[in-house]
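Take this structure, written in structure tokens, and hold onto it; I'll ask about it next.
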Amino acid sequence: MRTAGLVLAAGAGRRFGMAKALVPYRNRLLVENAAETLRNAGAERSLVVLGARAEEVLAAAEELPETVVNPDWASGMGSSLRAGLTFLSADESLGAVVVLLVDMPGVTTEAVRRVAAHAAPDALVMGGYQGRRGHPVLLGREHWAGAAASATGDRGARDYLRAHEVLVIEVGDVADDTDLDRPEDLDA
């Protein structure tokens, strides 16, 4: 059983003022940072879901793994999660996927490794931050259809995860789950 990585990077970043996939962060783009985090954590296959300004992202980001463009990206993160899970479901060797959001660069390789260590087809695992659930999120393959069906708007798999038993693995000592909503968040 292999574990994949999935970066959701399709949004327009309206509050930020630009598509977050194109935001410079530590000498690269946020989308490149997320893809590298998954690669360094040992994801055996990675996929980036793009949407807003996808052609610009592809031209600017030199070392992205596989990509898929979500034509329905404007409807919210839920459609990007569905697009990613649908694309990955064709690979029957995958038993789980670790999901990262492009705008959370503080989620580290070590946090992904800790969560991915619990990969199994029936697993639901989230990173924990002193009692708060956060990213990364691991979805075992048996949950892909249910998570995709519940993913609407900007809620992603949130409702599905709340309705099921989830293993929470503490990662707050090695990661930060702050999301970058506005340019000033980069300075925080």
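Just so you know, all these numbers are worked out from the coordinates, no wet-lab data involved. Just so we're clear, the structure is a prediction, and the values are computed from it rather than from any experiment. Note: ideal-geometry Cβ built from the backbone for every residue, glycine included; neighbour counts use all protein chains shown.
Can you list the GluC sites (Glu not before Pro) in segment 63-159 that are in a DSSP coil and have 16 or fewer other beta carbons within 10 angstrom?
Sites meeting the loop and neighbour criteria: E63, E92.
Give a residue-ordered list of calculated ³J(HN,Hα) values for segment 173-178 (Karplus: 6.51 cos²θ - 1.76 cosθ + 1.60, θ = phi - 60°; whole Hz; x for Gly, Pro).
Each residue's phi maps through the Karplus curve to give 7, 10, 8, 9, 9, 5 Hz.
Additional query: 7 Å from Cα along Cα→Cβ at both R26 and A163: what's the point-to-point distance in nm?
3.7 nm
Still on this structure, please answer the following. Using only alpha carbon pairs under 8 Å that are at least six residues apart, calculate the relative contact order of the chain and give it in whole percent.
Computed over the chain, the figure is 24 percent.
OK, next. Using percent of Cα pairs over 29 Å apart as the read-out, say which of [x] 18; [y] 22; [z] 12 was calculated from these coordinates.
Checking each listed value against the structure points to [z].
What is the set of long-range amide H partners of V168 at a cut-off below 5 Å, with H atoms built 1.01 Å from backbone N?
Residues meeting the criterion, in which the H sits 1.01 Å from N, are M126.
³J(HN,Hα) across segment 64-79 via Karplus (A = 6.51, B = -1.76, C = 1.60, θ = phi - 60°), whole Hz, x for Gly/Pro?
7, x, 4, 10, 9, 9, 8, x, 9, 4, 5, 7, x, 4, x, 5
If you build a Gaussian network model of the chain, linking Cα atoms that sit under 10 Å apart, which residue out of A120, A21, A61 swings the most?
Between A120, A21, A61, it is A61 that shows the largest mean-square fluctuation.
Fewest Cβ neighbours within 10 Å first, please rank F87, F16 accordingly. Don't skip to the end; give the middle numbers.
Details: F87 17, F16 20.
Ascending number of Cβ neighbours within 10 Å: F87, F16.
If the elastic network links every pair of Cα atoms under 10 Å, which of R141, R15, R45 fluctuates the most in the Gaussian network model of the chain?
Answer for the Gaussian network model of the chain: R15.
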